[in-house]
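*Asks:* Shown below is the structure under consideration.
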Amino acid sequence: MKLGIIGTGLIVKDFLPELVKMKGLEIVSIMGSPTGYEKAEALSEQYGIPNAAHDLEELFGAGIDTVYVAVPNNMHFMYCKKALEAGLNVIVEKPMTDDAGQAESLAALARKKKRFLFEAITTVYMTGYQKIRKWLPLLGDIKLVQSRFCQYSSRYDNFKKGIIAPAFDPKKSGGALMDLNLYNIHYVMGLFGKPESISYFPNMERNIDTSGVLMMLYPDFTAVCTAAKDCGGDSGGIIQGTNGFIRTEMTPNKVGAAIMQLRDGTVEVCQELYAEKRMIPEFTEFIRAIDEKDYEFCYGMLQKSLDVNEVLNRARIQAGIKFR
């Protein structure tokens, strides 16, 4: 994979130290915002990236085959569309887009162009999550599911003063639902599929949800997804069935160690291998799929992303959160 990166924000700075070490991946070019060339240039020098691009034309012409889109949520659709139209594969940071219709159009374009389109959602690729999937049938009938992602945002104090970062800006499709609760939703839907109905109960400030609870109703149980950027608290998840439960105790983007305890006394623990290097499992799969031309895997994961995007859309509309 010859990768070009669009974005110079925190997620890129967090992932770059590990990305540059990955086998089968060469970072060829990086581009920032129209006014952020200096940041791209600094990162290119720091990590030995050959090209710091001034614009898309330069990025796309740098010999790349795949683009990693890591910009504010409201810009995902534009950059993904342009990359796919240029014949490139796309890895886009979560959420895929801020609108379900836009996500569907990107998926259709990827299939038409026979290109790969992945949403970078770490949860479903983590070691612990894969073990949970294998353990799930042992729990019997599922009765209750909870997933929690709560952390006091480093940007919240400024937000209260009126200094609005993209993660809190409705004009940039921010908020707790799109930033954090999305991980909870992927956690639940990756195991149980689409719910029959949903209800979203947000705490609203300055026209954006700073925290909220999403209830997802399934035929035989209810899942509760809680996310907060305005307060701290325990994060993790628990799946409870008639035969026992599975528990995780880290934020769902990392999953962490998974523990299964059954009524017959069985206890099993799966340690998470990549909790602090959470991009490694997902990018390992992205590289493999593209190298092996595994479109079936890609488009299967893409459909799951579309299903989650639809739930996000319904929850946002239900709560009256407007991005445009």
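Derivation of every value follows stated rules applied to the coordinates shown; laboratory data play no part. Given the structure is predicted, the values throughout are model-derived calculations rather than measurements. Here the Cβ positions follow ideal geometry from the backbone for every residue, glycine too, while neighbour counts run over all protein chains shown.
*Asks:* When a footprinting reagent is the concern and you count Cβ atoms within 10 Å, what order do 132, 321 take, fewest first? Numbers along the way, then the final one.
*Replies:* Values: 132 24, 321 21.
Ordered by Cβ neighbours within 10 Å, fewest first: 321, 132.
*Asks:* Mean-square fluctuation check for the chain, GNM, Cα pairs under 10 Å: which of 97, 242, 127 is largest?
*Replies:* For the chain, modelled as a Gaussian network with Cα springs under 10 Å, the answer is 242.
*Asks:* OK, next. To the nearest 0.05, what FRET efficiency results for residue 111 and residue 22 with a Förster distance of 30 Å applied to their C-beta separation?
*Replies:* Details: r = 27 Å, r/R0 = 0.90.
With R0 = 30 Å, the Cβ-Cβ based efficiency is 0.65.
*Asks:* Positive end of the dipole of segment 2-119, charges at C-beta (+1 Lys, Arg; -1 Asp, Glu), about the Cα centre: which of 110, 51, 5 has its Cα farthest in that direction?
*Replies:* Working it through, the farthest residue towards the positive pole turns out to be 110.
*Asks:* Stretched out fully, how many nm does the piece from residue 160 to residue 218 gain, at 0.36 nm a residue minus the Cα gap?
*Replies:* Working: separation 58, 0.36 × 58 = 20.88 nm, distance 3.67 nm.
Gain on stretching residue 160 to residue 218: 17.2 nm.
*Asks:* Then there is this: What do you get for trypsin sites (Lys or Arg not before Pro) in segment 4-82 restricted to DSSP loop and a cutoff of at most 14 other Cβ within 10 Å of the site's Cβ?
*Replies:* Numbers: sites: 13, 21, 23, 39, 81, 82; in loops: 21, 23.
Listed in order of number, the matching sites are 21, 23.
*Asks:* Another question, if that's okay. Excluding same-chain pairs closer than 8 in sequence, count the lysine pairs in segment 2-119 whose Cα atoms lie under 23 Å apart.
*Replies:* 29
*Asks:* Related question: Dividing the alpha-carbon Rg of segment 2-119 by 2.2 N^0.38 Å yields what? Each step should come with its number before you reach the end.
*Replies:* On the way: Rg = 13.4 Å, N = 118, 2.2 N^0.38 = 13.5 Å.
After normalising by residue count via 2.2 N^0.38 Å, the value is 0.99.
*Asks:* Would you calculate, for the chain, the mean residue ellipticity at 222 nm contributed by helices, counting each DSSP H stretch of 4 or more residues as -39,500 (n - 2.57) and dividing by all residues, to the nearest 500?
*Replies:* Numbers: 10 runs with 114 residues, N = 324.
Mean residue ellipticity at 222 nm (helix-derived): -11000 deg cm²/dmol.
*Asks:* Roughly speaking, what is the centre-to-centre gap between segment 165-209 and segment 1-80 when only Cα atoms are used, to the nearest Å?
*Replies:* If we compute the Cα centre of each part, the gap is 26 Å.
*Asks:* Follow-up question, since we're still on this one. What does the C-alpha gyration tensor say about the overall shape of segment 85-218? Classify as rounded when a/c is under 1.5, otherwise prolate if a/b is larger than b/c, or oblate.
*Replies:* Values: a/c = 1.90, a/b = 1.08, b/c = 1.75.
Oblate is the answer for segment 85-218, as a/c is 1.5 or above yet b/c matches or exceeds a/b.
*Asks:* In segment 195-273, which trypsin sites (Lys or Arg not before Pro) fall in coil by DSSP and have 15 or fewer other Cβ atoms within 10 Å? Present the calculation step by step, with values, prior to reporting the outcome.
*Replies:* On the way: sites: 206, 229, 247, 254, 263; in loops: 206, 229, 254, 263.
Of the trypsin sites (Lys or Arg not before Pro), the ones in loops of segment 195-273 whose Cβ has at most 15 other Cβ atoms within 10 Å are 206, 263.
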